[in-house]
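The values are calculated or read from the model by the stated rules, or taken from the named source; none is laboratory data. Keep in mind it's a predicted model, so treat the numbers as computed, not measured. With ideal geometry, Cβ positions are generated from the backbone for all residues, glycine too; neighbour counts draw on all protein chains shown. The protein model used for the area step is the full one, side chains on, heavy atoms only, and it has no ligands, DNA or RNA in it. Shrake-Rupley method; radii C 1.70, N 1.55, O 1.52, S 1.80 Å.
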Amino acid sequence: MRDYGYDISDYKGVHPMFGDLATFGKLLAAAHERNLRVVLDYVPNHTSDQHPWFIESRSELDNPKRDWYIWKDAKPDGSPPNNWEAIFGGPAWEWDQETQQYYLHLFLKEQPDLNWRNPEVVEAMHDVLRFWLDQGVDGLRMDAVIHCIKHAEFPDNPPIKQDSPYLAFGLQLEPVFTAHQPEIHEILRGFRSLLDSYPGERVMIGETWAFQPAELVKYYGTSLDEFHIPYNLMGTMMPWNVADMKQAISAYYAVIPAGAAPNFVFGSHDVHRFATRFGPENHRSAAMLLLTLWGIPTMYYGDELAMENVDISAGRRQDTWGQDRPELNLNRDPERTPMQWEAVANAGFSPPGVEPWLPIASNYQDVNVATQQRDPASTLNFYQALLKLRRAMPALHRGDFAFVDELPAGTMAYIRTAEGQRVLVVINFAGREQSLDLSSLNDSGQLLLSSQFSRPAGLTLSELSLNPHESLLVRLP
Ligand code: GLC
């Protein structure tokens, strides 16, 4: 638990803190009874240093598992074999005193990287996939997968560029030789054909941090034979402004391969809450965007309540990322606080007297499931209304997409169309009232949903006024 589940010492077990395989079986069955599917995180890039494979590997130079990890001699002066740095900070090489070699870890030193150029590793990790697919899981979300294969010659990474997106993570080098190597695609095709050999629908999702849309979409595979969903994480890095969002969305849609489904992620356990990043006043409009764009939306728990970042005092901090560089604000605890279920002790996450692993947000009395269920105008009810419409209307879940151009600054509008159904989405990004003339689309429209709920159903499109931060879903005849 050095990286809270991302340092695995047994790929085929459940940490006793959470139960055991029988508990997992019950969870899966209960979910399936409710027509919910369960996708597990699969962590192929690294194991824990407590994993028996690594314990064996580090035990002696000629151990059969030595080459399951990435071991290298020191340079003649004793320094690491190259300049690679760990994403979590510091050098990516850790010296092993016993066997007098360095091992590679692109994350914590307790997370040694597997050697994916070794066919035995590939086979062992396929076996892990089979194990969970045999248990009946509906898919896998493949962690840090862009890093699995490193450049075969281990060249130094170049210094970071002045406009590099990696600056936000505090990196000093451009990860040219430690991410997105071409050989990764063969590994992914191997995973995919394994998934496809199973009955039923099994989804393959990739944690594909890529900053250029063209680079990201390579992870669908040239014949759509890799990820069904290579995560599009651009929405976790964007400011809340129309021009940047529009540009990013258009650039992404322009390169989606025929037959592939786009995806949008605004929140995750690795990035600050989007209610905080975009501002709580914009949270519902961001949800409107996420759930009405063309593509598969990915939601993070608590976003449906507008959970915000929680300030974590130094003494309660769990995550170690960025602790030596507080100015980068990388600590991930603020977005990992317990789900807020009820206005009771510990927000109903754990029984009274059982201290949860991170503090509960101070707003839990209002921001919790039970309270919001009772309030027809709550964020939770807004999400539910939006999800119901999305499910019911082909235009929203699979319709074509087109931006409406020439709008007042600070507003965005687009149309989704399918089977003769036309749905208009209008979003006011700004904190002031705005009036739009959308009469080129139609004279009138029927309101399906406003982020602020209060509005008459009939809309005149020649003079459509939006409240500050309001967004609307409108059916066009
Ligand atoms: C991924 C996970 C993150 C984890 C890291 C190392 O980025 O999402 O939470 O710390 O991989 O496994």
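A few comments on the model shown:
- Residues within the reach of a label modelled at ALA152 (point 7 angstrom out along Cα to beta-carbon, backbone nitrogen below 15 Å), restricted to region 184-218, are 184-187.
- The chain - share of DSSP beta bridges that are antiparallel (%, nearest 5): 75
- Net charge of neighbours whose Cβ lies under 10 Å from the Cβ of ALA31, counting Lys and Arg as +1 and Asp and Glu as -1: +1
- Nearest-0.05 FRET efficiency for GLN446 and ASP134, computed from C-beta distance (R0 41 Å): 0.25
- Dipole magnitude for region 69-211: about 260 debye, using +1 per Lys or Arg Cβ and -1 per Asp or Glu Cβ, origin at the Cα centre.
- In this label model, ALA243 and ALA345 are separated by 5.4 nm, measuring between points 7 Å along each Cα→Cβ vector.
- Inter-site label distance for GLN373 and MET17 at 7 Å from Cα along Cβ, in nm: 2.8
- Label-point gap, in nm, between ARG325 and LEU167 - each point 7 angstrom along Cα→Cβ: 1.2
- Positive contributions from Lys and Arg (+1) and negative ones from Asp and Glu (-1), summed over other residues with Cβ under 9 Å from the Cβ of ARG66, come out at -2.
- Carbon-plus-sulfur accessible fraction, region 400-476 (probe radius 1.4 Å, protein heavy atoms only): 42%.
- Only protein heavy atoms count here; on that basis, with a 1.4 Å probe, TYR198 has an accessible area of about 40 Å².
- Packing rank of 327-334, 206-213, 71-78, where each peptide gets the mean count of other beta carbons within 10 Å, highest leading: 206-213, 327-334, 71-78
- Secondary-structure-derived ellipticity at 222 nm for the chain, considering helices only, amounts to -6500 deg cm²/dmol, per-run term -39500 (n - 2.57) for DSSP H runs with n ≥ 4.
- The distance separating the Cα centre of region 416-477 from that of region 272-342 comes to 28 Å.
- Accessible surface for the chain, divided over its residues, is 45 Å² per residue with a 1.4 Å probe.
- Working ranking of peptides 343-356, 177-190 by packing, defined as the average number of other Cβ atoms within 10 Å per residue, highest first, is 177-190, 343-356.
- Summary of the geometry: region 371-388 and region 24-101, compared by the centres of their Cα atoms, lie 42 Å apart.
- Point-charge dipole on Cβ atoms (K/R +1, D/E -1) for the chain, about Cα centre, debye to 20: 1440
- Screening the chain for DSSP H helices whose Cα atoms reach 15 Å or more along their own axis and whose mean Kyte hydropathy is at least -1.0 gives 21-33, 119-135, 184-196, 242-255, 379-392.
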